[in-house]
1. For residues that are in a loop (DSSP other than H, G, I, E, B) and of a type in the set (Gly, Ala, Ser), scanning just the stretch 31-67, find the one that is surrounded by the fewest Cβ atoms within 10 Å (Cβ to Cβ).
2. Go through the stretch 73-107 and give me each residue that's at pLDDT 95 or above, open to solvent by less than 50 Å² (accessible area, probe 1.4 Å) and not in a strand (DSSP E or B).
3. Given the options 94, 101, 118, name the one that is in contact (Cβ under 8 Å) with a residue 12 or more places away in the chain and out of contact with any strand residue (DSSP E or B) (no Cβ under 7 Å at 6 or more places or on another chain).
4. Across the stretch 13-56, what is the number of residues that are closer than 18 Å to residue 89 by Cβ and touching a Ser or Thr at 6+ places or on another chain (Cβ under 9 Å)?
5. Those residues that are among the charged types (D, E, K, R) and surrounded by fewer than 17 Cβ atoms within 10 Å (Cβ to Cβ), I need them from the stretch 1-30; list them, please.
6. Which count do you get for residues in the stretch 108-128 that are open to solvent by 70 Å² or more (accessible area, probe 1.4 Å) and either of a type in the set (Ser, Thr, Tyr) or closer than 23 Å to residue 53 by Cβ (or both)?
Amino acid sequence: MRLLHTMLRVGNLDNSIDFYTQVLGMRVLRRNDYPDGKFTLAFVGYQEESDGAVIELTHNWDTEKYDLGTGYGHIALEVEDAYDACAKVKDRGGKVTREAGPMKHGTTVIAFVEDPDGYKIEFIQRKGRQA
């Protein structure tokens, strides 16, 4: 077995694709419309689906917004430098919700950003880099 993807329901597919590609640097790997079901699936990631896990963005055409609930946590991305990654997110119009710095009760440098639907993405600075 292997992890294939994480699915997120999004209210505006174009805004979400812009965020994941323009702000976080992923690529659209594939996109399919399902007119009979009134939804679109777009898969984004840093590598091909055959090489690693990706994110599936699901847009139900009749739903503009979702309640994220209390069960969702976050997606984690490894970054070379969390401070620099946050600066780039801001420069590209993204929202940083927790600036880069050591995690509470630890030394790992982390940060959090939010996508257009409010999903949290954690940046974890690659080990070996100091705060």
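The values are calculated or read from the model by the stated rules, or taken from the named source; none is laboratory data. Bear in mind the structure is a predicted one, so any value in this text is a computation, not a measurement. Every residue, glycine as well, gets a Cβ built from its backbone with ideal geometry; the counts of neighbours run over all protein chains shown. For the accessible areas, the whole protein counts, side chains as well, though only heavy atoms, and no ligand, DNA or RNA atoms are used. Shrake-Rupley method; radii C 1.70, N 1.55, O 1.52, S 1.80 Å.
1. 50
2. Within the stretch 73-107, 81, 82, 85, 86, 87, 89, 94 qualify.
3. Of the residues listed, the single one that is in contact (Cβ under 8 Å) with a residue 12 or more places away in the chain and out of contact with any strand residue (DSSP E or B) (no Cβ under 7 Å at 6 or more places or on another chain) is 118.
4. Adding up the residues that qualify gives 3.
5. 2, 14, 18, 27, 30
6. Of the residues in that region, 4 qualify.
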